[in-house]
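Heads up, the thing below is written out as C-alpha coordinates.
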Amino acid sequence: MTRVGPKILKGAPLLILTALVLFFGVWNTRFLEPRNLLNIIAQASSTGILAIGMTFVLLTAGVDLSVGAMMFVAAAVAGKLALAGVSMPLVLLAMLAITLLFAAFNALFIVHVLVAPFIVTLATLFIGRGVGLFITQTRAINLPEVFLTFGSARMLGVPLPACLFAALLVLAHVILTRTPFGRECFALGHSLEAARKAGICCEKRLFQVYLISGLCAVFASVITLGQLGAVSPKFGEQKEFAAIAAAVLGGASLFGGRGNILPGTLVGSLLIQTIENGLVVTNADPYLYPMVISGVIFLAVLLETVRNRYIRSNDQHRFSSSRR
(Lines give C-alpha, C1' and ligand atoms only; values in the text may rest on other atoms or scores of the structure.)
Protein backbone atom coordinates (compact mmCIF):
# COMPACT_ATOMS: atom_id res chain seq x y z
CA MET A 1 0.00 0.00 0.00
CA THR A 2 2.84 2.38 0.80
CA ARG A 3 4.13 2.03 -2.77
CA VAL A 4 0.79 1.94 -4.62
CA GLY A 5 -0.76 4.95 -2.82
CA PRO A 6 1.73 7.63 -3.96
CA LYS A 7 1.73 6.26 -7.53
CA ILE A 8 -2.06 6.48 -7.74
CA LEU A 9 -2.10 10.01 -6.31
CA LYS A 10 0.74 11.11 -8.59
CA GLY A 11 -0.86 9.61 -11.69
CA ALA A 12 -4.44 10.68 -10.86
CA PRO A 13 -4.45 13.81 -13.12
CA LEU A 14 -3.20 11.82 -16.12
CA LEU A 15 -5.79 9.09 -15.48
CA ILE A 16 -8.55 11.70 -15.22
CA LEU A 17 -7.35 13.38 -18.45
CA THR A 18 -7.36 10.04 -20.30
CA ALA A 19 -10.84 9.21 -19.00
CA LEU A 20 -12.18 12.61 -20.07
CA VAL A 21 -10.72 12.31 -23.57
CA LEU A 22 -12.34 8.89 -23.97
CA PHE A 23 -15.64 10.11 -22.50
CA PHE A 24 -15.96 13.16 -24.75
CA GLY A 25 -14.67 11.15 -27.73
CA VAL A 26 -17.42 8.56 -27.30
CA TRP A 27 -20.04 11.26 -26.75
CA ASN A 28 -19.06 13.17 -29.89
CA THR A 29 -16.59 11.77 -32.43
CA ARG A 30 -15.64 15.32 -33.52
CA PHE A 31 -13.81 15.69 -30.22
CA LEU A 32 -11.08 13.21 -31.28
CA GLU A 33 -10.45 14.81 -34.66
CA PRO A 34 -6.78 15.94 -34.98
CA ARG A 35 -7.90 19.48 -35.70
CA ASN A 36 -9.84 19.66 -32.42
CA LEU A 37 -7.03 18.09 -30.40
CA LEU A 38 -4.58 20.67 -31.77
CA ASN A 39 -7.15 23.32 -30.94
CA ILE A 40 -7.22 22.11 -27.31
CA ILE A 41 -3.44 22.47 -27.04
CA ALA A 42 -3.53 25.95 -28.60
CA GLN A 43 -6.36 27.06 -26.31
CA ALA A 44 -4.55 25.64 -23.28
CA SER A 45 -1.42 27.65 -24.10
CA SER A 46 -2.29 30.86 -22.24
CA THR A 47 -3.48 29.08 -19.08
CA GLY A 48 -0.56 26.66 -19.32
CA ILE A 49 2.02 29.44 -19.59
CA LEU A 50 0.48 31.17 -16.58
CA ALA A 51 0.62 27.83 -14.75
CA ILE A 52 4.35 27.56 -15.51
CA GLY A 53 4.97 30.84 -13.71
CA MET A 54 2.57 29.81 -10.95
CA THR A 55 4.48 26.56 -10.45
CA PHE A 56 7.67 28.51 -9.71
CA VAL A 57 5.76 30.65 -7.19
CA LEU A 58 4.03 27.70 -5.52
CA LEU A 59 7.37 25.89 -5.17
CA THR A 60 8.51 28.69 -2.85
CA ALA A 61 5.31 28.38 -0.77
CA GLY A 62 3.92 31.58 -2.31
CA VAL A 63 0.99 32.40 -4.58
CA ASP A 64 0.31 35.01 -7.26
CA LEU A 65 -3.33 36.03 -7.58
CA SER A 66 -2.54 39.01 -9.81
CA VAL A 67 -1.51 37.30 -13.06
CA GLY A 68 -4.95 37.70 -14.68
CA ALA A 69 -4.98 41.40 -13.80
CA MET A 70 -1.45 41.78 -15.21
CA MET A 71 -2.69 40.23 -18.45
CA PHE A 72 -5.57 42.73 -18.55
CA VAL A 73 -3.44 45.83 -17.95
CA ALA A 74 -0.83 44.70 -20.51
CA ALA A 75 -3.55 43.98 -23.08
CA ALA A 76 -5.29 47.33 -22.43
CA VAL A 77 -2.01 49.22 -22.90
CA ALA A 78 -1.26 47.20 -26.04
CA GLY A 79 -4.70 47.96 -27.46
CA LYS A 80 -4.39 51.71 -26.93
CA LEU A 81 -0.84 51.86 -28.33
CA ALA A 82 -1.66 49.68 -31.35
CA LEU A 83 -4.68 51.80 -32.27
CA ALA A 84 -2.48 54.91 -31.93
CA GLY A 85 -0.19 53.51 -34.61
CA VAL A 86 2.74 52.47 -32.40
CA SER A 87 4.89 49.72 -33.94
CA MET A 88 4.51 46.14 -32.70
CA PRO A 89 8.01 45.88 -31.13
CA LEU A 90 7.30 48.95 -29.01
CA VAL A 91 3.85 47.62 -28.08
CA LEU A 92 5.35 44.34 -26.91
CA LEU A 93 8.08 46.20 -25.02
CA ALA A 94 5.43 48.31 -23.25
CA MET A 95 3.48 45.16 -22.30
CA LEU A 96 6.65 43.62 -20.87
CA ALA A 97 7.58 46.76 -18.93
CA ILE A 98 4.20 47.29 -17.27
CA THR A 99 3.81 43.62 -16.35
CA LEU A 100 7.29 43.39 -14.83
CA LEU A 101 6.51 46.61 -12.93
CA PHE A 102 3.50 44.91 -11.33
CA ALA A 103 5.56 41.79 -10.62
CA ALA A 104 8.32 43.85 -9.02
CA PHE A 105 5.72 45.60 -6.86
CA ASN A 106 4.52 42.20 -5.64
CA ALA A 107 8.06 41.01 -4.98
CA LEU A 108 9.05 44.20 -3.15
CA PHE A 109 6.26 43.93 -0.59
CA ILE A 110 6.53 40.15 -0.23
CA VAL A 111 10.31 39.98 0.08
CA HIS A 112 11.29 43.22 1.80
CA VAL A 113 8.15 44.39 3.62
CA LEU A 114 7.30 40.76 4.53
CA VAL A 115 3.59 41.00 3.70
CA ALA A 116 1.93 37.63 2.97
CA PRO A 117 1.91 36.80 -0.77
CA PHE A 118 -1.84 36.17 -0.68
CA ILE A 119 -2.53 39.69 0.62
CA VAL A 120 -0.10 41.50 -1.68
CA THR A 121 -1.17 39.76 -4.88
CA LEU A 122 -4.86 40.03 -3.96
CA ALA A 123 -4.38 43.79 -3.64
CA THR A 124 -2.51 43.88 -6.96
CA LEU A 125 -5.35 41.94 -8.55
CA PHE A 126 -7.85 44.67 -7.67
CA ILE A 127 -5.41 47.45 -8.55
CA GLY A 128 -4.70 45.86 -11.93
CA ARG A 129 -8.37 45.31 -12.76
CA GLY A 130 -9.07 48.92 -11.82
CA VAL A 131 -6.21 50.28 -13.94
CA GLY A 132 -7.28 48.12 -16.88
CA LEU A 133 -10.90 49.30 -16.64
CA PHE A 134 -9.72 52.92 -16.43
CA ILE A 135 -7.57 52.55 -19.54
CA THR A 136 -10.32 50.86 -21.56
CA GLN A 137 -13.16 52.90 -20.02
CA THR A 138 -14.94 49.52 -19.68
CA ARG A 139 -15.28 49.34 -23.48
CA ALA A 140 -14.05 46.56 -25.75
CA ILE A 141 -11.03 47.43 -27.90
CA ASN A 142 -10.78 45.76 -31.31
CA LEU A 143 -7.13 45.26 -32.23
CA PRO A 144 -5.36 45.51 -35.61
CA GLU A 145 -5.18 42.43 -37.81
CA VAL A 146 -1.52 41.81 -36.92
CA PHE A 147 -2.53 40.37 -33.54
CA LEU A 148 -4.88 37.83 -35.11
CA THR A 149 -2.14 36.88 -37.57
CA PHE A 150 0.01 35.75 -34.65
CA GLY A 151 -2.83 33.78 -33.10
CA SER A 152 -3.62 31.93 -36.34
CA ALA A 153 -0.01 31.38 -37.49
CA ARG A 154 1.34 27.84 -37.72
CA MET A 155 4.76 26.24 -37.59
CA LEU A 156 5.01 22.86 -39.36
CA GLY A 157 1.23 22.59 -39.12
CA VAL A 158 1.18 23.27 -35.36
CA PRO A 159 -0.43 26.51 -34.03
CA LEU A 160 2.23 29.05 -33.05
CA PRO A 161 0.78 29.50 -29.51
CA ALA A 162 1.19 25.75 -28.95
CA CYS A 163 4.81 25.94 -30.16
CA LEU A 164 5.54 28.79 -27.75
CA PHE A 165 3.87 26.85 -24.94
CA ALA A 166 5.99 23.78 -25.71
CA ALA A 167 9.21 25.83 -25.81
CA LEU A 168 8.47 27.46 -22.44
CA LEU A 169 7.56 24.07 -20.92
CA VAL A 170 10.92 22.61 -21.93
CA LEU A 171 12.84 25.71 -20.80
CA ALA A 172 11.10 25.80 -17.40
CA HIS A 173 11.59 22.04 -16.94
CA VAL A 174 15.32 22.36 -17.61
CA ILE A 175 15.62 25.31 -15.22
CA LEU A 176 13.87 23.46 -12.39
CA THR A 177 15.62 20.12 -12.85
CA ARG A 178 19.08 20.99 -14.17
CA THR A 179 20.11 24.31 -12.62
CA PRO A 180 21.06 25.57 -9.13
CA PHE A 181 18.24 28.12 -9.42
CA GLY A 182 15.68 25.31 -9.70
CA ARG A 183 17.11 23.40 -6.75
CA GLU A 184 17.09 26.58 -4.68
CA CYS A 185 13.39 27.14 -5.48
CA PHE A 186 12.60 23.71 -4.04
CA ALA A 187 14.76 24.47 -1.00
CA LEU A 188 12.92 27.73 -0.32
CA GLY A 189 9.61 25.89 -0.30
CA HIS A 190 10.82 23.17 2.05
CA SER A 191 12.24 25.55 4.66
CA LEU A 192 13.16 29.20 4.29
CA GLU A 193 15.38 29.13 7.37
CA ALA A 194 17.22 26.01 6.25
CA ALA A 195 17.74 27.53 2.79
CA ARG A 196 19.15 30.69 4.33
CA LYS A 197 21.52 28.66 6.52
CA ALA A 198 22.65 26.77 3.41
CA GLY A 199 23.85 30.04 1.92
CA ILE A 200 20.97 30.69 -0.49
CA CYS A 201 20.11 34.35 -1.05
CA CYS A 202 16.42 33.82 -0.34
CA GLU A 203 15.33 37.41 -0.97
CA LYS A 204 16.96 37.49 -4.41
CA ARG A 205 15.48 34.13 -5.44
CA LEU A 206 11.97 35.05 -4.28
CA PHE A 207 12.17 38.35 -6.18
CA GLN A 208 13.21 36.49 -9.33
CA VAL A 209 10.39 33.94 -8.96
CA TYR A 210 7.71 36.67 -8.97
CA LEU A 211 9.37 38.30 -11.97
CA ILE A 212 9.13 34.92 -13.77
CA SER A 213 5.42 34.83 -12.95
CA GLY A 214 5.03 38.32 -14.43
CA LEU A 215 7.00 37.34 -17.53
CA CYS A 216 4.69 34.37 -18.07
CA ALA A 217 1.71 36.72 -17.75
CA VAL A 218 3.10 38.77 -20.67
CA PHE A 219 3.34 35.70 -22.91
CA ALA A 220 -0.16 34.60 -21.87
CA SER A 221 -1.54 38.07 -22.65
CA VAL A 222 0.04 38.14 -26.11
CA ILE A 223 -1.30 34.68 -26.94
CA THR A 224 -4.81 35.53 -25.73
CA LEU A 225 -4.80 38.77 -27.75
CA GLY A 226 -3.76 36.79 -30.82
CA GLN A 227 -6.64 34.34 -30.31
CA LEU A 228 -9.36 36.89 -29.48
CA GLY A 229 -8.24 39.96 -31.41
CA ALA A 230 -9.90 42.21 -28.85
CA VAL A 231 -9.62 43.42 -25.25
CA SER A 232 -12.86 43.15 -23.29
CA PRO A 233 -13.48 44.38 -19.70
CA LYS A 234 -13.32 40.73 -18.58
CA PHE A 235 -10.00 40.00 -20.30
CA GLY A 236 -7.90 37.69 -18.11
CA GLU A 237 -10.58 37.49 -15.42
CA GLN A 238 -10.22 34.43 -13.12
CA LYS A 239 -7.21 33.23 -15.12
CA GLU A 240 -5.22 33.13 -11.89
CA PHE A 241 -7.50 30.45 -10.46
CA ALA A 242 -7.23 28.31 -13.59
CA ALA A 243 -3.44 28.64 -13.44
CA ILE A 244 -3.33 27.63 -9.77
CA ALA A 245 -5.65 24.70 -10.44
CA ALA A 246 -3.51 23.53 -13.39
CA ALA A 247 -0.30 23.72 -11.35
CA VAL A 248 -1.80 21.95 -8.33
CA LEU A 249 -3.47 19.27 -10.45
CA GLY A 250 -0.04 18.72 -11.98
CA GLY A 251 1.47 18.00 -8.58
CA ALA A 252 2.57 21.38 -7.23
CA SER A 253 2.01 21.75 -3.50
CA LEU A 254 0.17 24.74 -2.08
CA PHE A 255 2.58 24.52 0.85
CA GLY A 256 5.75 24.70 -1.27
CA GLY A 257 8.69 22.44 -1.96
CA ARG A 258 7.02 20.08 -4.42
CA GLY A 259 5.99 20.29 -8.08
CA ASN A 260 7.10 19.69 -11.66
CA ILE A 261 6.60 21.19 -15.09
CA LEU A 262 6.78 18.02 -17.20
CA PRO A 263 4.49 16.23 -17.13
CA GLY A 264 2.76 17.92 -14.16
CA THR A 265 1.88 21.46 -15.27
CA LEU A 266 1.30 20.29 -18.85
CA VAL A 267 -1.21 17.62 -17.78
CA GLY A 268 -3.00 20.02 -15.42
CA SER A 269 -3.37 22.66 -18.16
CA LEU A 270 -4.61 20.16 -20.74
CA LEU A 271 -7.05 18.71 -18.21
CA ILE A 272 -8.76 22.05 -17.62
CA GLN A 273 -8.88 22.92 -21.33
CA THR A 274 -10.14 19.45 -22.25
CA ILE A 275 -13.11 19.96 -19.95
CA GLU A 276 -13.92 23.36 -21.46
CA ASN A 277 -13.53 22.11 -25.03
CA GLY A 278 -15.53 18.95 -24.32
CA LEU A 279 -18.42 20.98 -22.91
CA VAL A 280 -18.46 23.13 -26.06
CA VAL A 281 -18.26 20.17 -28.47
CA THR A 282 -21.06 18.33 -26.67
CA ASN A 283 -23.24 21.48 -26.66
CA ALA A 284 -23.52 21.55 -22.88
CA ASP A 285 -25.40 24.39 -21.20
CA PRO A 286 -22.99 27.39 -21.01
CA TYR A 287 -24.21 28.10 -17.47
CA LEU A 288 -22.61 24.82 -16.43
CA TYR A 289 -19.10 25.95 -17.39
CA PRO A 290 -18.32 27.93 -14.19
CA MET A 291 -19.72 25.12 -12.05
CA VAL A 292 -17.56 22.51 -13.79
CA ILE A 293 -14.39 24.64 -13.60
CA SER A 294 -15.02 25.35 -9.91
CA GLY A 295 -15.39 21.59 -9.46
CA VAL A 296 -11.97 21.11 -11.09
CA ILE A 297 -10.41 23.66 -8.71
CA PHE A 298 -12.01 21.87 -5.76
CA LEU A 299 -10.63 18.57 -7.09
CA ALA A 300 -7.16 20.12 -7.33
CA VAL A 301 -7.25 21.27 -3.71
CA LEU A 302 -8.67 17.93 -2.58
CA LEU A 303 -5.90 15.99 -4.35
CA GLU A 304 -3.30 18.28 -2.83
CA THR A 305 -4.74 17.75 0.66
CA VAL A 306 -4.76 13.97 0.25
CA ARG A 307 -1.20 14.00 -1.13
CA ASN A 308 0.10 16.04 1.80
CA ARG A 309 -1.70 13.87 4.36
CA TYR A 310 -0.27 10.73 2.76
CA ILE A 311 3.25 12.17 2.60
CA ARG A 312 3.13 13.33 6.22
CA SER A 313 1.91 9.93 7.42
CA ASN A 314 4.68 8.20 5.46
CA ASP A 315 7.30 10.59 6.86
CA GLN A 316 6.09 9.97 10.41
CA HIS A 317 6.13 6.20 9.79
CA ARG A 318 9.70 6.33 8.47
CA PHE A 319 10.80 8.53 11.38
CA SER A 320 9.29 6.21 13.98
CA SER A 321 10.80 3.17 12.21
CA SER A 322 14.26 4.75 12.21
CA ARG A 323 14.11 5.32 15.97
CA ARG A 324 13.32 1.71 16.78
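The values are calculated or read from the model by the stated rules, or taken from the named source; none is laboratory data. On a predicted model such as this, the values are computed, not experimentally measured, just so you know. All Cβ positions, even for glycine, are placed from backbone atoms using ideal geometry, and neighbour counts span all protein chains on display. These area figures cover heavy atoms from the full protein model, side chains too; ligands, DNA and RNA do not enter into them. Shrake-Rupley method; radii C 1.70, N 1.55, O 1.52, S 1.80 Å.
General observations
- For the range 1-153: rounded, prolate or oblate by the Cα gyration tensor [a/c cutoff 1.5]: oblate
- Solvent exposure of the range 71-180 amounts to 52 Å² per residue of accessible area, where only protein heavy atoms count and the probe is 1.4 Å.
- Heavy-atom surface of the range 183-324, accessible at 1.4 Å and reported per residue (Å²): 49 Å²
- Formal net charge of residues neighbouring Asn106 (Cβ-Cβ distance under 13 Å; K, R +1; D, E -1): -2
- Centre-to-centre, using Cα atoms only, the range 251-288 and the range 78-141 are separated by 25 Å.
- Protein accessible area in the chain, 1.4 Å probe - carbon and sulfur %: 70 percent
- Translational D in µm²/s for the range 186-251 (Stokes-Einstein at 25 °C, 0.890 mPa s, Kirkwood Rh from C-alpha pairs): 171 µm²/s
- For the range 216-311, a/c is not less than 1.5, where a ≥ b ≥ c are the root eigenvalues of the C-alpha gyration tensor, and a/b does not top b/c. That puts it in the oblate class.
- More than 25 Å apart - percent of Cα-Cα pairs taken over the range 138-259: 39 percent
- Global geometry of the range 11-79, whether rounded, prolate or oblate, following the gyration tensor of its Cα atoms and the 1.5 cut on a/c: oblate
- Our summary gives the range 176-315 a relative contact order of 21 percent, counting only alpha carbon pairs under 8 angstrom and 6 or more residues apart.
- Summed side-chain charge close to Leu279 - residues other than Leu279 whose Cβ falls under 15 Å, Lys, Arg +1, Asp, Glu -1: -1
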